[in-house]
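Before any comments, here is the structure.
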């Protein structure tokens with residue numbers, strides 16, 4: 001049975017991985033609108049991805065899901081990640097694009 005990972009540790013790991021790849025992240029808060037993804041990941045080469053972080057096995061709340069869908073309709077990439085392995089898979093996919 002896989003160990004449970006908390007959101008804070010997953011977020012810390014994501015930030016470190018992005019910085020190591022030469023990118024940056026921004027913590028996101030939308031004034032007057034709930035449900036913004038937790039982080040905007042920015043990588044060299046114009047690569048950007050919105051990331052919703054969750055503790056292992058947790059899912060986005062309905063308001064978050066609604067905001068993710070709106071961003072996707074606008075052509076934005078939105079990923080929900082609930083593990084360290086998920087961060088590794090995302091980074092591999094994003095860096096493969098570059």
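The values are calculated or read from the model by the stated rules, or taken from the named source; none is laboratory data. Please read all numbers here as calculations on a predicted model, not as lab measurements. Positions of Cβ are backbone-derived with ideal geometry, glycine not excepted, and every protein chain shown enters the neighbour counts.
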Among the residues of the stretch 58-65, is any in contact (Cβ under 8 Å) with a residue 12 or more places away in the chain and within 10 Å of the chain's Cα centre (by Cα)?
no
Condition met for residue 42 (at pLDDT 95 or above, under 13 Å from residue 94 (Cα atoms) and outside any loop (DSSP other than H, G, I, E, B)):
yes
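Look at the stretch 71-88 and say how many of its residues are out of contact with any strand residue (DSSP E or B) (no Cβ under 7 Å at 6 or more places or on another chain) and more than 14 Å from residue 53 (Cα to Cα).
Total meeting the criteria: 3.
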Residues of the stretch 1-39 that turn out to be assigned to a strand (DSSP E or B) and farther than 13 Å from residue 78 by Cα, as a count
4
The correct count of residues that are in a helix (DSSP H, G or I), without any contact (Cβ under 8 Å) to a residue 40 or more places away in the chain and surrounded by 12 or more Cβ atoms within 10 Å (Cβ to Cβ) in the stretch 71-89 is 4
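Conditions tested, residue by residue: (1) touching a residue at least 60 places away in the same chain (Cβ under 8 Å); (2) touching a strand residue (DSSP E or B) at 6+ places or on another chain (Cβ under 6 Å).
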residue: 9; (1), (2): yes, no
residue: 24; (1), (2): no, yes
residue: 41; (1), (2): no, yes
residue: 48; (1), (2): no, yes
residue: 68; (1), (2): no, yes
residue: 91; (1), (2): yes, no
residue: 96; (1), (2): no, no
Search the stretch 18-35 for residues being more than 15 Å from residue 48 (Cα to Cα) and surrounded by 11 or more Cβ atoms within 10 Å (Cβ to Cβ), and hand back the single one that is modelled with the lowest pLDDT.
34
